[in-house]
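Visitor: Sending over a structure as structure tokens; questions will come in a sec.
The values are calculated or read from the model by the stated rules, or taken from the named source; none is laboratory data. None of these values were measured; they are calculated from a predicted model. Ideal geometry is used to build each Cβ from the backbone, glycine not excepted, and the neighbour counts take in all protein chains shown. With ligands, DNA and RNA removed, areas are computed over all heavy atoms of the protein, side chains included. Shrake-Rupley method; radii C 1.70, N 1.55, O 1.52, S 1.80 Å.
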Amino acid sequence: MHYLAGDPLVSDSLDRAKAHLAEACILLTNKNSTNSSEEDYRNILIALSIKKYVYDEMRFQNDEEKQNIRLCMQLIKPESK
């Protein structure tokens, strides 16, 4: 497991992290956030950004080489699922 500082909404940060080669990505939330809904929405947006990045990086690969990334996401509010 590696921790990298950066903005996961920016593809350069995902390039640096080699996110397209990862088997899984864990998104943690700030449980002490004053706006839990906003924190959840941001985590969901980050998850979509990572999924799109991996798809874009792998779309020209052969079927045997294609992979999907598993996302584990922590959310504060149960209704944010």
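Visitor: For the chain, take the longest principal axis of its alpha carbons; what is the angle in degrees between that and the long axis of helix 36-58, to the nearest 10 within 0 to 90?
Guide: 0 degrees
Visitor: Spin-label point model (7 Å from Cα, Cβ direction): what's the Ser37 to Cys72 distance in nm?
Guide: For the pair Ser37/Cys72, the computed spacing is 2.9 nm.
Visitor: Only Cα pairs within less than 10 Å get springs; with that Gaussian network setup on the chain, which residue of Asn35, Asn43, Asn68 has the largest fluctuation?
Guide: Asn35
Visitor: Now for a different question. Around Leu9, with a cut-off of 11 angstrom between Cβ atoms, what is the net charge of the other residues, counting Lys and Arg +1 and Asp and Glu -1?
Guide: 0
Visitor: For the chain, what number of Lys pairs, 8 or more residues apart or on separate chains, have alpha-carbon atoms under 23 Å from each other?
Guide: Final tally of qualifying lysine pairs is 10.
Visitor: So what's Rg/Rh here for the chain, counting alpha carbon atoms and using the Kirkwood radius for Rh?
Guide: 1.01
Visitor: Under 8 Å for C-alpha pairs, at least 6 residues apart: give me the relative contact order for the chain, rounded to a whole percent.
Guide: Here the relative contact order equals 41 percent.
Visitor: Considering only protein heavy atoms, what per residue accessible area in square angstrom results for the chain with a 1.4 angstrom probe?
Guide: Per residue, the chain has 78 Å² of solvent-accessible surface.
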